[in-house]
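Step one of this worksheet: look at the structure below.
The values are calculated or read from the model by the stated rules, or taken from the named source; none is laboratory data. Keep in mind it's a predicted model, so treat the numbers as computed, not measured. Cβ coordinates were reconstructed from backbone atoms using ideal geometry, including for glycine residues, and neighbour counts include every protein chain displayed.
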């Protein structure tokens, strides 16, 4: 029975990718990722896929109805986000026609959602933003959905 459920989800993902340009943008972005995430902020998804947030919400609702993810409305200063029940990379590859299993989110994930309310400043304007090079690399990597080891920072003085 699980094989039938997985087949239904595979068929759904491929059809959604073929018929919905916003879903295709989401899957194109996800297919290029190196690591999975348990959660992704909606505003970040919108920026990375160059898609309006309200359009992505429609796609996420369709994915949620199939049991692939859960949309979490932002409250009390926290941002709206998506909780992925399966590997977003696997879903993207399936949607784009690759024959592979629908996998759970593995242990190799990037934390893309900080547990800090969006209204809370990182640093005051008087202090300026103070990050170490490793912290800056981590922040840039999380924003781009890539491995921090691939980020290089050059300082010219």
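Checking each residue in segment 83-109 for being surrounded by 13 or more Cβ atoms within 10 Å (Cβ to Cβ) and modelled with pLDDT under 60 picks out only 109. Annotation note: Cβ proximity below 8 Å between a residue of segment 37-61 that is assigned by TED's automatic domain parsing to the domain that holds residue 27 and at positive phi and a residue that is part of a helix (DSSP H, G or I) and at pLDDT 90 or above (sequence gap 6+ or interchain) occurs for 50/25. Screening the candidates 33, 44, 70 for the property of being over 21 Å from residue 14 (Cα atoms) and either surrounded by fewer than 19 Cβ atoms within 10 Å (Cβ to Cβ) or at pLDDT below 90 (or both) yields one hit, 44.
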